[in-house]
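**Student:** Would you mind keeping the following structure in view while I ask a few things?
The values are calculated or read from the model by the stated rules, or taken from the named source; none is laboratory data. All of these numbers come straight from a predicted model, not from anything done at the bench. Positions of Cβ are backbone-derived with ideal geometry, glycine not excepted, and every protein chain shown enters the neighbour counts. Calculation scope for accessible area: heavy atoms of the full protein, side chains included, ligands and nucleic acids excluded. Shrake-Rupley method; radii C 1.70, N 1.55, O 1.52, S 1.80 Å.
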Amino acid sequence: MLKGMTSQRLIALSLTGITFLNFPLLALWDKDIYILGWPLLPFGLFLVWGILIAALAWVMEKQETT
């Protein structure tokens, strides 16, 4: 069961990443705003990318005890 749940979580994480890194949502980040000296679009991309990597690491390292 552990392998099945991990696969389902990875698929959900992939679909979430595709959704957040797709054009309609990226257009919301395309503003002339700067955060810590970075334009909003690259800052948002790196932020979402980092969150996806952290979530992937959490899913892969999670140990389920039954």
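**Student:** Could you compute the FRET efficiency for Ile18 and Val59, with r as their C-beta to C-beta distance and R0 at 22 Å, rounded to 0.05?
**Tutor:** Efficiency for this residue pair is about 0.85.
**Student:** Could you tell me what percent of the accessible area of the chain is made up of carbon and sulfur, with a 1.4 Å probe and every protein chain present?
**Tutor:** It is 71 percent, rounded to a whole number.
**Student:** Kindly report the accessible area of the chain per residue (heavy atoms of protein chains, probe 1.4 Å, no ligands, DNA or RNA), in Å².
**Tutor:** Per residue, the chain has 82 Å² of solvent-accessible surface.
**Student:** Which of the three applies to the chain, rounded, prolate or oblate, going by the alpha-carbon gyration tensor with a ≥ b ≥ c and a/c under 1.5 meaning rounded?
**Tutor:** Since a/c reaches 1.5 but b/c is at least a/b, the shape of the chain is classed as oblate.
**Student:** So what is the calculated 222 nm ellipticity per residue for the chain, using -39500 (n - 2.57) for each DSSP H run with n of 4 or more, over all residues, to the nearest 500 deg cm²/dmol?
**Tutor:** Taken over the chain, the calculation gives -24000 deg cm²/dmol.
**Student:** Based on alpha-carbon centroids, what's the gap between segment 45-61 and segment 1-28 in Å, whole number please?
**Tutor:** 11 Å
**Student:** So, one more: Could you put Trp49, Trp29 in order of accessible surface area, largest first, with the 1.4 Å probe and the full protein assembly present?
**Tutor:** So the residues, ranked largest to smallest area, are Trp49, Trp29.
**Student:** Full extension from Leu25 to Leu10: what is 0.36 nm times the residue separation minus their Cα-Cα distance, to one decimal in nm?
**Tutor:** 3.3 nm
**Student:** With an 8 Å cut-off on Cα pairs and a minimum separation of 6 or more residues, tell me the relative contact order of the chain in percent.
**Tutor:** 36 percent
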